[in-house]
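S.K.: Attaching a single structure in structure tokens format; questions to follow.
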Amino acid sequence: MRQRWLSRRAVGLHALVSVVVPACLFAGWWQVNRALSGNFLSYLYSVEWPLFAVLAVVGWWQLVHDVPLGAEAKAPSQEAVADRQVLAEPALSWDPALETPELRAYNQRLAELAQRGARKTWRNPRGLPPDGQAGPSQQVGPSQQVGPRAQMGPGQQVGAAAR
């Protein structure tokens, strides 16, 4: 219990709520004075600011009593492990005879990429090796380019102004 109220996170929350609540109450008091001076919209604000103070206290209470995700992690029970084993389904199998030629070529390409292990990133959308040497099935033609260069005409440069 002591750790809940005196942890680094809790002390920060205490400091925050000790500043926010008085500021909201002061703003509400200020709006009451403005409303009494003739600003009728301030009647709404004079109610709203104390509600913000209450909201801050409720949020503070919830965050102080919140339990971090890793704190209550425990090993799964025997029943949970047994339930997972009962729910596990057999692995799916695929019949290559059902593939179209396009699908077969796509799956072959995916298998090549998986074997090579190159990562696809926004800088390397094709997953080509870092040295830039691609095999015959990995050559990128002009119609397959991705990014701003794919929309450029001959002789244009990236970032060149349109004329």
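Bear in mind that the values in this text are calculations on the coordinates, not laboratory data. Because the structure is a prediction, the values reported are computed rather than measured.
S.K.: Which length gain, in nm to one decimal place, applies between S77 and D95 when the Cα-Cα distance is subtracted from 0.36 nm times their residue separation?
M.R.: On the way: separation 18, 0.36 × 18 = 6.48 nm, distance 3.83 nm.
Between S77 and D95, full extension yields 2.6 nm more.
S.K.: Hey, what do the phi angles of the stretch 48-62 turn into as Karplus ³J(HN,Hα) couplings, whole Hz, using 6.51/-1.76/1.60 and θ = phi - 60°, x for Gly and Pro?
M.R.: 5, 5, x, 5, 4, 5, 5, 4, 5, 5, 5, x, 4, 4, 5
S.K.: With viscosity set to 1.306 mPa s and temperature to 10 °C, compute the Stokes-Einstein D of the stretch 2-65, Rh being the Kirkwood radius across alpha carbon pairs; µm²/s, no decimals.
M.R.: Answer, rounded: 125 µm²/s.
S.K.: Multiply the residue separation of L36 and L113 by 0.36 nm, subtract the distance between their alpha-carbon atoms, and state the gained length in nm to one decimal.
M.R.: On the way: separation 77, 0.36 × 77 = 27.72 nm, distance 7.33 nm.
Length difference between fully extended and current span is 20.4 nm.
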